[in-house]
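The values are calculated or read from the model by the stated rules, or taken from the named source; none is laboratory data. All of these numbers come straight from a predicted model, not from anything done at the bench. With ideal geometry, Cβ positions are generated from the backbone for all residues, glycine too; neighbour counts draw on all protein chains shown. These area figures cover heavy atoms from the full protein model, side chains too; ligands, DNA and RNA do not enter into them. Shrake-Rupley method; radii C 1.70, N 1.55, O 1.52, S 1.80 Å.
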Amino acid sequence: MKKFKLLLFILFPLISLAQTPQIKYLDFEGKEISYSQFNKIQSKGILVGQNDDGTIYRLIKEREKSGKINDYKELISFVNASLKTNYDSTKPIYICYSPGPDILNTTSRIISEEELDSGQQDHIKFKNKLDKEINGQVLNVFKKESQFVYEGNRKIDWKKDPNNEIEKRFFSEYHYQHASFVIIFPNGEYNVYLGEFSYNKVFDYVKSWKKKNKSK
């Protein structure tokens with residue numbers, strides 16, 4: 001019996017150690033580096049991408065991406081059918097994408113109604129300005145619910161990313177902290193910004209798109 005207890009005493013720490021996930025830290029090129037090296041670079045304000053289970057962290061060099069899709073109309077039709085919405089494929093759409101809980105969108109403190117109201121008012125102002133600037137539409141989607149991002153949120157209308165379609169198209173490589181966005185124009189051109197952002201960044205893309213298309 002004593003031998004059995006001794007064996008358990010030895011095995012339990014080993015089992016616990018085996019169950020502890022091995023965390024990897026990657027540089028801009030995807031090569032593994034030490035935590036101290038990683039933290040020294042990241043502390044300068046560099047964006048970090050992580051995988052879903054938080055076992056891989058990578059330094060991200062570029063937060064901005066642009067490109068063009070050839071099926072904008074089909075994408076809007078899919079969104080409408082999946083979410084029972086009525087977005088218009090002849091208008092631009094701004095999509096805010098939340099990947100799920102992380103250190104920037106999760107907190108143990110209680111958020112006041114005043115703070116929630118303030119966030120809602122900022123969101124309403126943004127929607128109104130986007131509508132005025134380019135007749136733009138707004139869609140907020142999430143992959144996993146977090147403390148302030150969930151279906152039925154009475155302050156901001158969040159929807160579950162249908163079949164993870166938005167993630168697969170624009171944010172598939174990593175989880176970028178807090179939230180990211182993509183703005184897509186009716187001709188299929190889009191701009192993506194990864195990680196925490198200001199609404200002002202959206203209008204930088206709007207301004208550039210209007211300027212570009214005005215000259216055509």
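Accessible surface of the chain, 1.4 Å probe: 52 percent of it comes from carbon and sulfur atoms. Taking a straight Cα-Cα cut-off under 17 Å and skipping sequence neighbours fewer than 8 places away in the same chain, the lysines within cross-link reach of residue 61 are 31, 40, 44. At full extension, residue 117 and residue 187 could sit 21.7 nm farther apart than now, given 0.36 nm per residue minus the alpha carbon distance.
Distance between the modelled labels on residue 66 and residue 145, one decimal in nanometres: 3.9 nm (7 Å Cα→Cβ projection).
Taking the helices alone, the chain has a mean residue ellipticity at 222 nm of -12000 deg cm²/dmol, built from -39,500 (n - 2.57) per DSSP H run of at least 4 residues and averaged over all its residues. The value of relative contact order for the chain, using C-alpha pairs under 8 Å at least six residues apart, is 23 percent. The calculated pair-distance distribution of region 21-139 uses every alpha carbon pair, bins of 5 angstrom beginning at 0, and gives 2, 8, 12, 14, 14, 14, 15, 12, 7, 1 percent. Extending 7 Å from the Cα toward the beta-carbon at both residue 124 and residue 172 defines two label points whose distance is 3.9 nm.
Based on Cα atoms of the chain, Rg over Rh with Rh as the Kirkwood radius reads 1.09.
Residues whose amide H falls under 5 Å from that of residue 47, counting only those 5 or more places apart or on a different chain, are 60, with hydrogens built in the peptide plane. In this rough spin-label picture, where each label sits 7 Å from Cα along the Cβ direction, the residue 91-residue 160 distance is 2.6 nm.
With Cα atoms as the point set, region 34-100 shows a radius of gyration and Dmax of 17.7, 49 Å. For region 117-178, the square roots of the Cα gyration tensor eigenvalues, ordered a ≥ b ≥ c, give a/c of at least 1.5 with a/b no greater than b/c, which places it in the oblate category. With no solvent and one point on each alpha carbon, what is the Debye value of log10 I(q)/I(0) for region 144-204 at q = 0.18, 0.19, 0.20 Å⁻¹? Debye intensities relative to I(0), on a log10 scale: -0.79, -0.88, -0.97. On a straight-distance basis, which aspartates and glutamates could pair with residue 125 in a cross-link, Cα separation under 20 angstrom, same-chain partners fewer than 8 positions away excluded? By straight Cα distance, residue 125 reaches 113, 114, 115, 117, 133, 157, 196, 204.
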